[in-house]
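Note sheet for the following structure.
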Amino acid sequence: MIRTLARDLRSIGLAGWLAYVVDRGLSLVSRGCIRFTALWFYAQPVEQISTIKRRDEDRIRTELAGPGQVPDASFGRPLGAIPERFEQGSTCIAAFNGDQLAGFMWLQFESLRERLVRCDFVPLPQGRASWDFDVFVAPPFRMGRTFGRLWSHAKSYLQERGIETTLSWVAFDNMASRRAHERMGARRVGWALILTVGKAQLLLASTSPYIHFSVSEANRPKVLVQAPKG
């Protein structure tokens, strides 16, 4: 037991472990009616993203993808989620091996309507910050440069639009993603704790609106995530 606890603490950290235990405990006791979600907000300076040039022998190509190029249930995403992203104006940068979708990442320049929790995440300052989400590479392509190629393409695209910082959230207990962000030069700029009880949701955050209670989709909070200055 103690060894298992020590291993978990090393792998996800104390904050991540506590968030995981609280969520699992509440979910089990309530049979899934109560959930606890803890998120860090990260800011990634666009200029610090590595640039990877395409080589003649590269099988992978990256491009801006439209609805017809990204099937509805790509990589196990819920039915309706991907069409919804396009409808909301999100941009998809996709990696292809021939006609096979090898990975993708998504950008949103306005308000991101999140599905995991009932929140809209707004990147600020408007016009200089964006939101990035759901960066995913299929397992057969993870040993190559696909991940870096997606980010390199994103860097060029973001700079063309005058975006200086891209923002994202990472779950407290997702140490792998946290480390990946920090290796790229991203740093924490805030947090949010969300308790969901049936249809009721309580939000506590380090940023506006700081505290918010809602019981319906009609009252989704807009969480303003500010990119650091300088």
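The values are calculated or read from the model by the stated rules, or taken from the named source; none is laboratory data. Values in this document were obtained by computation on a predicted structure and should not be read as measured data. All Cβ positions, even for glycine, are placed from backbone atoms using ideal geometry, and neighbour counts span all protein chains on display. Just the protein is used for accessible areas: all its heavy atoms, side chains included, with ligands, DNA and RNA removed. Shrake-Rupley method; radii C 1.70, N 1.55, O 1.52, S 1.80 Å.
The stretch between residue 28 and residue 215, if pulled fully straight at 0.36 nm per residue, gains 65.1 nm over its current Cα-Cα span. Across the protein chains, with a 1.4 Å probe defining accessible surface, the residues 55, 85 rank 55, 85 from largest area downward. As a ratio to 2.2 N^0.38 Å, the alpha-carbon radius of gyration for the range 116-230 is 1.20. Annotation for residue 63 and residue 138: the two label points, set 7 Å from Cα along the Cα-Cβ direction, are 1.6 nm apart. Say we join alpha carbon atoms closer than 10 Å with springs in a Gaussian network model of the chain; which of 43, 129, 73 then has the biggest fluctuation? Between 43, 129, 73, it is 73 that shows the largest mean-square fluctuation.
Taking amide H as placed 1.01 Å from N in the peptide plane, the amide H of residue 220 sits under 5 Å from none that are at least 5 places away or on another chain.
Based on the inverse mean of 1/r over its pairs of different Cα atoms, what is the Kirkwood hydrodynamic radius of the chain, in Å? Value: 18.9 Å, from the Cα pair sum. Per residue, the chain exposes 54 Å² of solvent-accessible protein surface, assessed with a 1.4 angstrom probe and all protein chains in place. Converting phi to 3J(HN,Hα) with the Karplus coefficients 6.51, -1.76 and 1.60 and the offset θ = phi - 60°, the range 175-187 yields 5, 4, 5, 4, 5, 4, 4, 5, 5, 7, x, 6, 9 Hz in sequence order, with x at every glycine or proline.
For the peptides 28-34, 95-101, residues were scored by their other Cβ atoms within 10 Å and the scores averaged per peptide; the highest-first order is 95-101, 28-34.
Taking N as the number of residues in the range 105-176, what value does Rg over Cα atoms divided by 2.2 N^0.38 Å take?
For the range 105-176, the normalised Cα radius of gyration is 1.20.
Note on the range 95-230: with neighbouring protein chains present and a 1.4 Å probe, carbon and sulfur make up 55 percent of its accessible heavy-atom surface. In order along the range 133-138, phi translates into HN-Hα couplings of 7, 6, 7, 9, 10, 4 Hz, rounded to whole numbers, per the Karplus curve 6.51 cos²θ - 1.76 cosθ + 1.60 with θ = phi - 60° and x for Gly and Pro. Over the range 51-131, the hull volume per residue, using the convex hull of the C-alpha atoms, is 110 Å³.
Legend: Rg and Dmax of the range 37-171, from Cα coordinates, 14.6, 45 Å. In the assembled protein chains, residue 169 presents an accessible area of approximately 70 Å² (probe radius 1.4 Å). Computed from phi, the 3J(HN,Hα) profile of the range 82-95 under the Karplus parametrisation 6.51, -1.76, 1.60 (θ = phi - 60°) reads 5, x, 5, 4, 5, 4, 7, x, 6, 9, 10, 9, 10, 10 Hz, with x in place of Gly and Pro. Note on the range 184-230: percent of Cα-Cα distances in each 10 Å bin, starting at 0 and stopping at the bin with the largest distance, equals 24, 45, 22, 8, 0.
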